[in-house]
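Before any comments, here is the structure.
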Amino acid sequence: MSPPWKLFADHLRLTVRLTPNGGRDAFDGIETDSEGETYLKARVTAVPEKGKANRALIALISKSVGIAKSSFSLVSGETARKKILRIEGDPEGLARKLEAFLK
């Protein structure tokens, strides 16, 4: 299974499937959709209103993996469950942090 991220020259893009109102802030593993794309499953307690769930997702990943919140931006999926996050920084270093966290 391939990782749920792609490396670029100056950033990493992470694909996430988010469940808002999820009862707790947590990760539920990695899955592959019917098209063969891999994504990280996450849930947050925040409601999907005015970007609250998106901000909660960024805070959850930031705290869990140890990457500054200011490094994150939302590329796509502002109102969808499936999101692509851009994380600024050394892509290989970011990938190592994510790999270590997801083990």
For this session: Output the residues belonging to the stretch 69-79 that are in contact with a strand residue (DSSP E or B) (Cβ under 9 Å, 6 or more places away or on another chain) and either within 22 Å of D33 (Cα to Cα) or surrounded by fewer than 18 Cβ atoms within 10 Å (Cβ to Cβ) (or both).
Result: S70, S71, S73, L74, V75, S76, G77
Exercise. Do we find a residue being exposed (fewer than 14 other Cβ atoms within 10 Å of the Cβ), within 13 Å of the chain's Cα centre (by Cα) and on the phi > 0 side of the Ramachandran plot anywhere in the stretch 23-38?
Worked result: yes
Exercise. Modelled with pLDDT of 95 or more, in a helix (DSSP H, G or I) and over 12 Å from L12 (Cα atoms): does that describe K63?
Worked result: yes
For this session: Answer with yes or no whether E88 is in contact with a helix residue (DSSP H, G or I) (Cβ under 6 Å, 6 or more places away or on another chain), open to solvent by 70 Å² or more (accessible area, probe 1.4 Å) and touching a residue at least 40 places away in the same chain (Cβ under 8 Å).
Result: yes
Seminar exercise, completed: Taking the stretch 52-68 and keeping residues open to solvent by 40 Å² or more (accessible area, probe 1.4 Å) and among the polar types (S, T, N, Q) leaves S64
For this session: State all residues of the stretch 84-95 that are farther than 14 Å from I61 by Cα and part of a helix (DSSP H, G or I); if no residue qualifies, say none.
Result: P91, E92, G93
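The values are calculated or read from the model by the stated rules, or taken from the named source; none is laboratory data. Treat the numbers as computed from the prediction; the structure is a model and nothing was measured. With ideal geometry, Cβ positions are generated from the backbone for all residues, glycine too; neighbour counts draw on all protein chains shown. What goes into the accessible areas is simple: the full protein's heavy atoms, side chains included, and nothing from ligands, DNA or RNA. Shrake-Rupley method; radii C 1.70, N 1.55, O 1.52, S 1.80 Å.
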